[in-house]
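Enquirer: This structure is in structure tokens; I'll ask about it shortly.
The values are calculated or read from the model by the stated rules, or taken from the named source; none is laboratory data. Everything quoted here is computed from the prediction, not taken from an experiment. Methodologically, a virtual Cβ is constructed for each residue, glycine included, from the backbone with ideal geometry; neighbour enumeration extends over all protein chains shown. Note: accessible area is taken over every heavy atom of the protein model, side chains too, but ligands, DNA and RNA are not part of it. Shrake-Rupley method; radii C 1.70, N 1.55, O 1.52, S 1.80 Å.
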Amino acid sequence: LLFVAAAIGLCFAIYRFAVPALVELAVWVTPPAVTELMGKSVLLSLDQLVFDPTELDEARRAALEARFRSLLAAAREMHGRSGPAPSYTLNFRMAGEIGPNAFALPDGSVVVTDELVALSQDDEMIMGVLAHEIGHVEHRHSLRQIYRVAGITALIMLIGGDIGAATEDILTQGDTLLALSHSRDAESEADRYSVELMHNAGQDPAAIARFF
């Protein structure tokens, strides 16, 4: 009984203290090449499993991309650097059953669905959402969540005696990313970032609130 209690206590300590510490270490040492590989793998997986090609016309996409670039310019000034890091790309997809949505991958790939564009009453609402997603990338929320889920999965599989390829799958599979959700603190941080970035870009800081 003492041994079982000690094992349970050890697992809890690993979950409560070791996993968060290792996640922060992993985020800190992850090179851009790894986040780029994650982003490409996840987006490819999502395109195969979930998304269809966008139905937005080229002119509409170009107009949104131009405004998105203005957000990135404001982000460069906010962070005092010559260019945004990582390299941001704006990707349009038809999401089907998922509906209106937007999310950012660790490498700076921002995905917005046609359904979200259709739902928004004006382009500033869309920019408010995209600024929110830029905030997730800048604060590395997506990368942190992926590592956290991978760490917890590795812990569970270690207890069960077979780690296998589960952790690798979590790092690369899009369906796993769809199951992730940012914490309330991370969402609030991204909301605050959206307000600040929209203000610095000369756009409506309340756009994110109007959208929701």
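Enquirer: Work through the residues other than D122 whose Cβ is under 15 Å from its Cβ and net out their charges, Lys, Arg +1 and Asp, Glu -1.
Expert: 0
Enquirer: Round to the nearest 10 and report in Å² the accessible area of D57, as given by a 1.4 Å probe over the protein chains' heavy atoms.
Expert: For D57, solvent-accessible area is about 90 Å².
Enquirer: Which of the peptides 198-206, 133-141, 98-106 is most tightly packed, and how do the rest follow, going by the mean number of other Cβ atoms within 10 Å of each residue?
Expert: Going by the mean number of other Cβ atoms within 10 Å, highest first, we get 133-141, 98-106, 198-206.
Enquirer: Would you work out if the stretch 1-52 is rounded, prolate or oblate? Take a ≥ b ≥ c from the square roots of the eigenvalues of the alpha-carbon gyration tensor; rounded if a/c is under 1.5, else prolate when a/b is larger than b/c, oblate otherwise.
Expert: Verdict is oblate for the stretch 1-52.
Enquirer: Peptides 18-24, 108-114: what's the order by average Cβ count within 10 Å, highest mean first?
Expert: The densest-packed peptide leads the list: 108-114, 18-24.
Enquirer: List every residue whose amide H lies under 5 Å from the amide H of S109, counting only residues 5 or more places away in sequence or on a different chain, with H placed 1.01 Å from N in the peptide plane.
Expert: Residues meeting the amide H criterion: T89.
Enquirer: Tally Lys and Arg at +1 and Asp and Glu at -1 over the other residues with C-beta under 14 Å from the C-beta of V19: what net charge comes out?
Expert: Local charge sum for V19: +2.
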